[in-house]
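K.L.:
What follows is a single structure, and I will ask about it in a moment.
The values are calculated or read from the model by the stated rules, or taken from the named source; none is laboratory data. Note that this is a predicted model, so its numbers are computed, not measured. Cβ: placed from backbone, ideal geometry, glycine included. Neighbour counts: every protein chain shown. Just the protein is used for accessible areas: all its heavy atoms, side chains included, with ligands, DNA and RNA removed. Shrake-Rupley method; radii C 1.70, N 1.55, O 1.52, S 1.80 Å.
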Amino acid sequence: RVIGPNCMGIYNPSCGVTFANLPKKAGPVALVSQTGSGAARIITYGDKRGVYFGKVVSYGNAVDLDSTDFIELLSEDPEIKFIGCYIEGVKDVPRFNRVLKKCVEKKPVVMVKTGATEASREVAASHTGALGGSEEIWQAFFRQNGIIRVYTLEEIVEQMVALQYLLPPKC
C-alpha cells in the first residue's frame, strides 16, 4: 500500500517518526490531511495551544490509500480521542460517508473541506487535482454526519482545545 505521492507522509512522535522538525510530545489527537505543509502548521499551532497530536498522516494525491482509509483506522485506535481532517477531495463518497458515520459514534471529528466554493475548487484542483463538490452538498454532509465543520487550519486546533475541556457534543 502507498501513501502519496505529493505528501509529507506520517508523523508519530511516540515512535520518533516525523516529516519535519516538529514537537516530540504525543497526545490523543489525530490528523488526516491532504496537505503536508498545512499538517505541519496544524501540529505546530497545536503545540502552542496545548493540543498534542499522536498520529498524523499527510496523504497528498492519494493514488492508493486516502482519507477514508486513515479515518477508518484512527476511529478504532484507543489512543486517539479526537480526529481532525483537512480534505480537498474524496474518491469514494458512499464509503467516506459510511466510515465517518461510524467514526463519529465513537469520537468527534473536526473537518476543513476545501474545494466547496469556486475559488477553493481552483486551489484544490491545482494542489492535488481534487474535485470539490458544491457548498450545499458539503453543508448537508456535515450536518447529517455530526461532523464539526471549521474553515481554517487554526480552527481545527481551536476546536480540539474545546473538545479537550468540554463534554463531547451531542450529535
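K.L.:
At 0.36 nm per residue, and after removing the present C-alpha to C-alpha distance, how many nm does the segment from Lys25 to Glu72 gain when stretched out fully?
P.N.:
Numbers: separation 47, 0.36 × 47 = 16.92 nm, distance 2.39 nm.
Computed gain between Lys25 and Glu72 is 14.5 nm.
K.L.:
Could I get the Rg over Rh figure for segment 1-68? Both from C-alpha atoms, Rh via Kirkwood, rounded to two places. Before the final figure, lay out the partial values.
P.N.:
Working: Rg = 11.3 Å, Rh = 11.7 Å.
That ratio is 0.96, to two decimals.
K.L.:
Could you state the accessible area per residue of the chain in Å², with a 1.4 Å probe and every protein chain left in place? Working shown, then result.
P.N.:
Working: 8460 Å² over 171 residues.
Per-residue accessible area for the chain comes out at 49 Å².
K.L.:
Anything over 25 Å Cα to Cα? Flag those among Lys25/Lys81; Lys55/Lys106; Lys24/Lys101; Lys48/Lys91; Lys81/Lys113; Lys55/Lys102, in the order listed.
P.N.:
Working: Lys25/Lys81 16 Å; Lys55/Lys106 17 Å; Lys24/Lys101 31 Å; Lys48/Lys91 34 Å; Lys81/Lys113 21 Å; Lys55/Lys102 19 Å.
In this structure, Lys24/Lys101; Lys48/Lys91 exceed 25 Å between Cα atoms.
K.L.:
Looking at (i) 1.16; (ii) 1.80; (iii) 0.94, which value of Cα Rg over 2.2 N^0.38 Å comes from a calculation on the structure shown?
P.N.:
Label (iii) holds the value from this structure.
K.L.:
Relative to the present Cα-Cα distance, how much length would full extension add between Tyr165 and Cys15 at 0.36 nm per residue of separation?
P.N.:
Values: separation 150, 0.36 × 150 = 54.00 nm, distance 2.66 nm.
My answer for the length gained is 51.3 nm.
K.L.:
I've got another one for you. For the chain, what is the calculated [θ] at 222 nm in deg cm²/dmol (nearest 500), taking -39500 (n - 2.57) for each run of four or more DSSP H residues and dividing by its residue count? Before the final figure, lay out the partial values.
P.N.:
Values: 6 runs with 71 residues, N = 171.
Taken over the chain, the calculation gives -13000 deg cm²/dmol.
K.L.:
Set the Förster distance to 35 Å, then compute FRET efficiency between Arg1 and Tyr45 from the Cβ-Cβ distance, nearest 0.05.
P.N.:
Numbers: r = 30 Å, r/R0 = 0.85.
That pair, Arg1 with Tyr45, gives E of 0.75.
K.L.:
Given the options Tyr45, Tyr86, Tyr151, state which has the largest fluctuation in a GNM of the chain using a 10 Å cut-off (strictly under) for Cα springs.
P.N.:
Highest fluctuation among the options: Tyr151.
K.L.:
Tally up the carbon and sulfur contribution to the accessible surface of the chain as a whole percent, 1.4 Å probe, everything protein left in place. Please list the in-between numbers first.
P.N.:
Working: 4860 of 8460 Å².
Its accessible area is 57 percent carbon and sulfur atoms.
K.L.:
Let me ask another. Specify the longest stretch of the chain that does not include any exposed loop site, a site being one of the GluC sites (Glu not before Pro) with a non-H, G, I, E, B DSSP assignment and at most 15 other Cβ atoms within 10 Å. Walk me through the intermediate numbers first.
P.N.:
Working: sites that count: Glu76, Glu79.
In short, 80-171.
K.L.:
Now a separate question. Could you check what % of the DSSP bridge pairs in the chain are antiparallel, to the nearest 5? Show your work: numbers first, answer last.
P.N.:
On the way: 4 of 22 bridges.
That works out to approximately 20 percent antiparallel.
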